[in-house]
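Visitor: One structure is given below, represented as structure tokens, and several questions about it will come after.
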Amino acid sequence: MAKKNFKELFDPKESKWGGISLPMFLAALVVVAIVVYVPFGLDKEGNPGSFLRPNFLIMFSALAVFGLLFGEIGDRIPIWNDFIGGGTILVFFMAAVFGTYHLVPEKFMEAVDVFYNKQPVNFLEMFIPALIVGSVLTVDRKTLIKSISGYIPLIVVGVFGASVCGMAVGFIFGKTPQDVMMNYVLPIMGGGTGAGAIPLSEIWSAKTGRPAGEWFGFAISILSIANIFAIICGALLKKVGEAKPSLTGNGELIIDNSKEAIRDKEVEVKPELTDTTAAFILTGILLMTAHILGELWSAFAKSHNIDFELHRLVFLILLTMFLNIANVVPDRLKAGAKRMQTFFSKHTIWILMAAVGFTTDVKEIIAAAAPSNILIALAIVLGAVGLIMLVARKMKFYPIEAAITAGLCMANRGGAGDVAVLGAADRMDLISFAQISSRIGGAMMLVFGSVLFSIFAS
């Protein structure tokens, strides 16, 4: 494949801006700028209004134009593209700068927040389920069974490596092992923000009697730093895999006894549009079912005083695994699911990264950017990656893919962090394993955190 260059990007005869030509993209950019920045009329509260209508299509297109602007440029910056993560990471950072320093109006930020992670839109809840169902349904049944038996122990290995390295560097800066475990390892390896840092802060508050924000403020800053290291490390592991082919399965995680990769089952049937539509509907039905099971579990846990959360995406993974193992989904529907997954993973990633970036506060990262905190966070990420790579082959996993999924996808900000890490590593097809790390691994860390806080928090 020919390497991307800036010359083709600014050639009017080329269609390198998301499949459209430069003149058409510039016209789209002007329209988006008018919608976002130009004041018009008054809103319902009598405040200055705008042309912006925060519905799904408008926000999808506006974020797409922003993503294409910085994504295509980022993919052509030599060092940035080779080692940092290319367009995906540049979109994220530029959106974060725009959002943090108020370079876009507040109304646009509110619309992005709704589009990205709030009802009734919540694009993330469409993006991740589509990737999960599409990837899990097309994984070979033997691969699925082997992952269940071996992948969870791999996560435990990563947490152990992160803990040891974090405590070692923390000792240099005069921090106790319990301090490192409670305030650094737990937030970094806890499954993200919503399913990790927030419930952990509530557990901490219940044990100490102090405000949850007291623990959460530092935790989210440390997690933000570690998330960046995880993304950068994902890009670097991609380069390591290219330099050392023996360490990677080129997107495949599991090795069989003959040392050959167990590859995802390629559905030979060419899907029709109706097959893709059916797969999308199936994804929605499965998410509904997962939500029901999640609510029932929550009610059961509360009534029986069980301090153990199970996110609905955990149930979505389990349901999809069951359908695959039971072999009840027709090949045409599996082919449609694969096509659906490809659309979201390949063609909407910059849209999501723009949304994630706009909702990320750069000041959170700057606030915790003391040398000691940075080095401890780095040690935790590298500790998880390093130990996993050392033992991966003995556990029948490829080192690169194992480190990315069981290591880096534990040490990031949950679902959005998984997307960023996998995007930087060019391993988006491993989203199902990433979600196992974030959700099931994160649930395990909640239990671990409850024990730690009970013993050491005061």
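Visitor: Considering only the stretch 333-344, I want to know if a residue exists there that is at pLDDT below 90 and at positive phi.
Guide: no
Visitor: I've got another one for you. Is it the case that residue 52 is surrounded by 12 or more Cβ atoms within 10 Å (Cβ to Cβ), in a helix (DSSP H, G or I), at pLDDT 90 or above and not charged (D, E, K, R)?
Guide: Considered against the rule, which asks whether it is surrounded by 12 or more Cβ atoms within 10 Å (Cβ to Cβ), in a helix (DSSP H, G or I), at pLDDT 90 or above and not charged (D, E, K, R), residue 52 comes out as no.
Visitor: For the stretch 8-17, check the following and say yes or no: at least one residue is of a type in the set (D, E, K, R), within 16 Å of residue 87 (Cβ to Cβ) and part of a helix (DSSP H, G or I).
Guide: Yes: the stretch 8-17 contains one or more residues that are of a type in the set (D, E, K, R), within 16 Å of residue 87 (Cβ to Cβ) and part of a helix (DSSP H, G or I).
Visitor: From 163, 149, which residue is surrounded by fewer than 16 Cβ atoms within 10 Å (Cβ to Cβ), over 20 Å from the mean Cα position of the chain (by Cα), under 21 Å from residue 387 (Cβ atoms) and not aromatic (Phe, Trp, Tyr)?
Guide: 149
Visitor: I need the full set of residues from the stretch 126-170 which are within 21 Å of residue 410 (Cβ to Cβ) and not in a helix (DSSP H, G or I), in order please.
Guide: Result: 139, single match.
Visitor: Please go through the stretch 413-430 and give me each residue that is part of a loop (DSSP other than H, G, I, E, B) and within 25 Å of residue 149 (Cβ to Cβ), ordered by number.
Guide: Residue satisfying the conditions is 427 alone.
Visitor: Residue 450: more than 19 Å from the chain's Cα centre (by Cα), closer than 27 Å to residue 203 by Cβ and either hydroxyl-bearing (Ser, Thr, Tyr) or not assigned by TED's automatic domain parsing to the domain that holds residue 184 (or both), yes or no?
Guide: Yes; evaluated as a whole, the condition is true for this residue.
Visitor: Six or more apart or on different chains, Cβ atoms under 8 Å: show the pairs whose first residue is in the stretch 338-359 and of a type in the set (D, E, K, R) and whose second is at pLDDT 90 or above.
Guide: Taking only residues 6 or more apart or on different chains, the pairs are 339/275; 339/276; 339/279.
Visitor: Regarding the stretch 76-86, can at least one residue be identified that is within 17 Å of residue 355 (Cβ to Cβ) and in a helix (DSSP H, G or I)?
Guide: No.
Visitor: Could I ask something else about it? If we scan the stretch 422-432, do we find a residue that is small (Gly, Ala, Ser) and over 17 Å from residue 235 (Cβ atoms)?
Guide: The answer is yes; a qualifying residue exists.
Visitor: Same structure, new question: Does the stretch 361-376 contain any residue that is within 20 Å of residue 234 (Cα to Cα), in the same structural domain as residue 273 (by TED's automatic domain parsing), modelled with pLDDT under 95 and crowded, with 23+ Cβ neighbours inside 10 Å?
Guide: Checked the stretch 361-376: no residue is within 20 Å of residue 234 (Cα to Cα), in the same structural domain as residue 273 (by TED's automatic domain parsing), modelled with pLDDT under 95 and crowded, with 23+ Cβ neighbours inside 10 Å.
Visitor: Still on this model: Of everything in the stretch 267-325 that's outside any helix (DSSP H, G or I) and without any contact (Cβ under 8 Å) to a residue 12 or more places away in the chain, which residue is surrounded by the most Cβ atoms within 10 Å (Cβ to Cβ)? Steps first, answer last, please.
Guide: Step one: of the stretch 267-325, the residues outside any helix (DSSP H, G or I) are 267-272, 304-311.
The next check asks that each one be without any contact (Cβ under 8 Å) to a residue 12 or more places away in the chain; those that pass are 304-306.
Numbers: 304: 7, 305: 6, 306: 12.
Across the stretch 267-325, the extreme among qualifying residues is 306.
Visitor: Return the total of residues in the stretch 72-103 being aliphatic (A, V, I, L, M), surrounded by fewer than 17 Cβ atoms within 10 Å (Cβ to Cβ) and touching a helix residue (DSSP H, G or I) at 6+ places or on another chain (Cβ under 9 Å).
Guide: Qualifying residue count, the stretch 72-103: 3.
Visitor: Conditions first: (1) outside any helix (DSSP H, G or I); (2) more than 18 Å from the chain's Cα centre (by Cα); (3) hydroxyl-bearing (Ser, Thr, Tyr). Residue 360 passes all but one, so which condition is the exception?
Guide: Among (1) outside any helix (DSSP H, G or I); (2) more than 18 Å from the chain's Cα centre (by Cα); (3) hydroxyl-bearing (Ser, Thr, Tyr), the lone unmet condition for residue 360 is (2).
Visitor: A further question on this structure: Here is a list of conditions, (1) surrounded by fewer than 24 Cβ atoms within 10 Å (Cβ to Cβ); (2) modelled with pLDDT of 90 or more, and residue 440 meets all of them except one; can you say which number that is?
Guide: (2)
Visitor: Select, from 236, 223, the only residue that is at pLDDT 80 or above, within 16 Å of residue 389 (Cβ to Cβ) and hydrophobic (A, V, I, L, M, F, W, C).
Guide: 236
Visitor: Separate question: With within 28 Å of residue 75 (Cα to Cα) and either among the small types (Gly, Ala, Ser) or surrounded by fewer than 20 Cβ atoms within 10 Å (Cβ to Cβ) (or both) as the only criterion, which of 457, 379, 406 stands out?
Guide: The unique qualifying residue is 406.
The values are calculated or read from the model by the stated rules, or taken from the named source; none is laboratory data. These numbers were taken from a predicted model, which means no experiment stands behind them. Cβ: placed from backbone, ideal geometry, glycine included. Neighbour counts: every protein chain shown.
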